[in-house]
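Structure first, then comments.
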Amino acid sequence: MRKLDFLFSLPQYKPTPFSIRLYYSRNLFFSFFLFLTWLSLSCSGITNSKVGTRSRPLYKSGALERNEVWAGVIQIAGDIVVPEGITLTIKPGTVIGFDPLVGTHQLIVHGSFYAEGNIEGMIVFGSLGTEDEFELPKSGDWLGVRVMPTSPNARLTYCRLQHASTAILCQSDSVHIERCLIIENEIGILCQDTSPFITQNEINKNGTGIQCDQGAESEISYNRLQANEYGVVCNDDARPNIHHNDISTNYQYGVACYASAGPEITANNITSNSGWAVYEGGRLRDNFIRGNNNLARIEQSNSRNSEQFYGVDEVLDPRSSPVLEAGVQTE
C-alpha cells in the first residue's frame with residue numbers, strides 16, 4: 001500500500017509574528033497526527049463509520065448528490081464536483097489526499113464550500129505521491145480547489161494546501177481565505193476578475209504566491225509571502241488592494257505588474273527579494289522597502305524609478321522603519 005506519510009511532512013501550522021518553521025518529519029508525526037484527528041472527531045460525536053482512517057480511507061470522486069460532511073482521511077480518485085445548491089463541509093483535522101497515479105484531479109465548487117479547520121486541527125489538501133518512497137510529491141500533482149462564479153459561499157480557514165498546480169482558483173467574490181498555509185504549489189492563489197478576501201496566510205515556496213488577473217480587485221492583507229519565485233503578480237488591469245503584508249526573500253520580484261495592472265500597495269514590508277521590490281506599476285504609500293536587488297540600504301526615493309523599484313505609478317511617504325503590524329498577526 002502506498003504511504004500517506006507524504007501529506008504529513010510538515011507540522012501543524014500555528015501563526016507566529018516572526019517566522020514559519022518548516023520541518024520534514026514523517027512517520028512519527030503521521031501516527032501522532034492521526035491519533036489526534038481520531039480523538040477530536042470522536043469527541044465531537046462523529047462515529048468511526050463516517051471517518052476515514054489511514055488503513056481505510058474514504059474514497060471520493062464525481063459529483064456530490066446531496067450535502068456532505070467529510071472527516072478523517074479522504075482519498076480522491078477523480079474530480080470532485082460540488083453542484084449548485086449543494087454544500088460540502090470539511091471538519092477540522094481532515095486529511096484529503098489526491099492520487100496522481102489515477103490522474104491529475106481537482107475539487108470544483110459551484111455550490112457552497114466550508115473547509116474550516118482550527119489552530120489545533122488544520123485541514124490538509126495534498127498529493128499522495130507515488131509508490132516510489134524516494135520520490136516526494138511535487139507541485140502539479142493535483143489541479144487544486146476551484147471556486148466557480150456560481151458559488152455563493154466559499155471559506156477556507158486553517159487549511160494547508162500543497163503540491164497543486166493552482167492551490168485555490170477564485171472566480172467568485174464569495175471566497176474568504178484566512179489563516180492558511182499555502183506551500184509548494186505552482187501558483188498559491190489565483191484571482192480572476194474577482195474580489196476575494198485573503199488575509200493572515202503563510203504563502204511560501206510557490207512559483208507565484210498570489211496572482212491577480214482580469215481586473216481582479218482582491219483584498220490582500222496581513223499575509224506573509226516568502227521564498228516564492230514571485231510574491232504577488234498582477235496582470236490584465238488588475239487592481240488589488242495590497243496592504244500590511246510581509247513580502248520578503250522571494251527569488252524574483254516582490255510585486256510584479258503587467259498589462260496595465262495598477263495595485264494599491266500600502267503599509268507593507270517589502271524586503272530582501274532577489275529582484276525588484278515592485279516592478280512596472282502600482283501606487284506605493286507608506287511602505288518599508290529594504291534589501292531588494294541585492295542592495296542593503298533602505299529605499300527612500302519618491303521617484304517612479306529607483307534602485308529597488310521600477311516603473312511604478314506613484315510613491316508617497318516611504319518609511320525609514322518597518323511596519324510593525326504587517327504580516328501574520330498572533331491571535
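The values are calculated or read from the model by the stated rules, or taken from the named source; none is laboratory data. Bear in mind the structure is a predicted one, so any value in this text is a computation, not a measurement. So basically every Cβ, Gly included, is an ideal-geometry build from the backbone, and we count neighbours across all protein chains shown.
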State yes or no: is S195 more than 21 Å from Q252 (Cα to Cα), touching a Lys or Arg at 6+ places or on another chain (Cβ under 9 Å) and outside the structural domain of L88 (by TED's automatic domain parsing)? no
For a quick check of your reading of the model, give me the residue pairs whose first member lies in region 118-129 and is not assigned by TED's automatic domain parsing to the domain that holds T330, whose second is modelled with pLDDT of 95 or more and among the aliphatic types (A, V, I, L, M), with beta-carbon atoms closer than 6 Å and at least 6 apart or on different chains. I123/I90; I123/A115; V124/V95; F125/I96; F125/L161
Confirm whether G140 is under 25 Å from F197 (Cα atoms), assigned by TED's automatic domain parsing to the domain that holds G72, part of a loop (DSSP other than H, G, I, E, B) and of a type in the set (G, A, S). yes
Within region 272-290, which residues are of a type outside the set (S, T, N, Q), assigned to a loop (DSSP other than H, G, I, E, B) and free of Cβ contacts under 8 Å to residues at least 40 places away in the same chain? G275, W276, A277, E280, D286
Restricting to region 309-327, name every residue that is on the phi < 0 side of the Ramachandran plot, in contact with an Asp or Glu (Cβ under 7 Å, 6 or more places away or on another chain) and assigned to a loop (DSSP other than H, G, I, E, B). P318, R319, A326
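Results for (1) surrounded by 24 or more Cβ atoms within 10 Å (Cβ to Cβ); (2) in contact (Cβ under 8 Å) with a residue 24 or more places away in the chain; (3) closer than 20 Å to T89 by Cβ; (4) of a type in the set (G, A, S), shown as yes or no for each residue.
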| position | (1), (2), (3), (4) |
| --- | --- |
| R160 | no, yes, yes, no |
| S174 | no, yes, yes, yes |
| C180 | yes, yes, yes, no |
| N185 | yes, yes, no, no |
| I189 | yes, no, no, no |
| D193 | no, no, no, no |
Scan region 293-308 and give yes if some residue there is closer than 26 Å to Q200 by Cβ, basic (K, R) and at pLDDT 95 or above, otherwise no. no
Across region 315-329, which residue is nearest to C234 (Cα to Cα) among those that are among the hydrophobic types (A, V, I, L, M, F, W, C) and in contact (Cβ under 8 Å) with a residue 24 or more places away in the chain? V315
The condition of being closer than 22 Å to H110 by Cβ, assigned by TED's automatic domain parsing to the domain that holds E264, modelled with pLDDT of 95 or more and part of a loop (DSSP other than H, G, I, E, B) holds, among A216, A238, only for A216
Yes/no for V312 being assigned by TED's automatic domain parsing to the domain that holds D237, farther than 18 Å from T249 by Cα, aliphatic (A, V, I, L, M) and touching a residue at least 24 places away in the same chain (Cβ under 8 Å): yes
Of all residues in region 85-109, how many are in a loop (DSSP other than H, G, I, E, B), touching a residue at least 40 places away in the same chain (Cβ under 8 Å) and either in contact with a strand residue (DSSP E or B) (Cβ under 6 Å, 6 or more places away or on another chain) or surrounded by fewer than 21 Cβ atoms within 10 Å (Cβ to Cβ) (or both)? 5
Just name the residue that is farthest from the chain's Cα centre (by Cα) out of those in region 236-261 that are within 18 Å of G275 (Cα to Cα) and surrounded by fewer than 22 Cβ atoms within 10 Å (Cβ to Cβ). Y258
